[in-house]
Structures are given as structure tokens and as C-alpha cells.
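Enquirer: Once you've had a glance at the structure underneath, I'll fire off some questions.
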Amino acid sequence: MSYTQMLRRRYRNIWDDQWEGIDTTGPAVQVSHGKVVIDPNAKMQTSDTGINYYINLPEGSERCMVYTQFYRLKGNSRTWKEENIELRLGMYYLIYSPNVKKYFLRQVYEGFNPDKLKKYITDKNLFIINKQQK
């Protein structure tokens, strides 16, 4: 079994959008009845240098638990192998900075390497914006 398949199986419940049993006690997250509290009226702001950020988590945000959430299966593939996965190009994610207490907006691009985000994931400072939720 490849490493990608092992991670996918280990964290299978993450893709079910269930927060029960998931530790959400990071510095930037408020939890109410097992759900992460988000602000549906959160508005993106832009700094003087042109960097987009949020003060509160926007609607549709969820904590990223494993870097394989940045991948998806190609076409009719069913197994999670290196040759069957591709990056979710255009997907938005937020990196929380505890120093300035802001969520900085980023986007997956061609040549993006999710392995570099592992430190943010272990620190519980990485969130994925799921636009399909309403």
C-alpha cells in the first residue's frame, strides 16, 4: 500500500464533514457543540501591500487535517496512488498567523507542493475553504 493510500484510509472520516472526535482546540478556532464557529458575514480585507486576509473564519471553512486534502482522483480512478491523483488547482485555503491573528488567503497553483504546508497542519493553522457548502 502506498503512503498516499495509507493517509487516505487513516483520515477517511475527514472527508465526511464530521467534526466529532476531531481536536479543534487550536488558537484561532472557537468550538460550540462540537462544531467550528465561523462567521458567515466575514469579509475579505486587503492590506496596504495587496495581501488578502480575513479577521474571522469565513463560511465554508474547515480545518485541514492532512495534506492529501489538496489532491483529488483523476477521472474514473478509484484507488489513491501517485499516478491517479492530481492537485485541486484553484482551491482556496487560509493560513492562520497567531502573531497578527489573521487568516491569510492563498490559492493552489500549478507547481504547488502541499508537503511544504505540513508544519501549518501540525500546528492546526491551516484551513480549507469549501465553496460548495451553504
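Enquirer: Which of the residues spanning the stretch 112-129 are part of a helix (DSSP H, G or I) and surrounded by 12 or more Cβ atoms within 10 Å (Cβ to Cβ)?
Expert: Initial filter on the stretch 112-129 (part of a helix (DSSP H, G or I)): 114-122.
Selection gives Pro114, Leu117, Lys118, Tyr120, Ile121.
Enquirer: Give me a count of the residues in the stretch 91-134 that are small (Gly, Ala, Ser) and either at pLDDT 90 or above or within 21 Å of Ile38 (Cβ to Cβ) (or both).
Expert: Filtering the stretch 91-134 down to residues small (Gly, Ala, Ser) leaves 97, 111.
Then drop every residue that is not either at pLDDT 90 or above or within 21 Å of Ile38 (Cβ to Cβ) (or both), which leaves 97.
Looking only at that region, the number is 1.
Enquirer: Does the stretch 38-75 hold any residues that are within 24 Å of Lys124 (Cβ to Cβ) and of a type in the set (Val, Ile, Thr), and which are they?
Expert: Hits for the stretch 38-75 are Ile38, Ile51, Ile55, Val66, Thr68.
Enquirer: Go through the residues of the stretch 76-85 one by one and say whether even a single one is modelled with pLDDT of 65 or more and closer than 17 Å to Asn125 by Cα. Full working, then the answer.
Expert: From the stretch 76-85, those modelled with pLDDT of 65 or more are 76-85; that's our starting set.
Retained after the next criterion (residues that are closer than 17 Å to Asn125 by Cα): none.
Scanning the stretch 76-85 turns up no residue that is modelled with pLDDT of 65 or more and closer than 17 Å to Asn125 by Cα.
Enquirer: Enumerate the pairs (first residue in the stretch 99-115 and touching a residue at least 12 places away in the same chain (Cβ under 8 Å); second residue anywhere and surrounded by 10 or more Cβ atoms within 10 Å (Cβ to Cβ) and charged (D, E, K, R)) with beta-carbon separation below 9 Å, excluding pairs fewer than 6 apart on the same chain, so at least 6 apart or on different chains.
Expert: Taking only residues 6 or more apart or on different chains, the pairs are Val108/Arg88.
Enquirer: Among the residues of the stretch 82-105, write down those that are loosely packed, with under 15 Cβ neighbours inside 10 Å and basic (Lys, Arg). Give the derivation first.
Expert: Of the stretch 82-105, the ones loosely packed, with under 15 Cβ neighbours inside 10 Å are 82-83, 86, 89-90, 97-101.
The one that is loosely packed, with under 15 Cβ neighbours inside 10 Å and basic (Lys, Arg): Lys101.
Enquirer: From the set of residues in the stretch 44-56 that are touching a residue at least 24 places away in the same chain (Cβ under 8 Å) and in a strand (DSSP E or B), which is surrounded by the fewest Cβ atoms within 10 Å (Cβ to Cβ)?
Expert: Of everything passing the filter in the stretch 44-56, Asn52 is surrounded by the fewest Cβ atoms within 10 Å (Cβ to Cβ).
The values are calculated or read from the model by the stated rules, or taken from the named source; none is laboratory data. Quick caveat: nothing in here was measured; it's all calculated off a predicted structure. Reconstructed Cβ throughout: ideal geometry from the backbone, glycine too, with neighbour counts over all protein chains shown.
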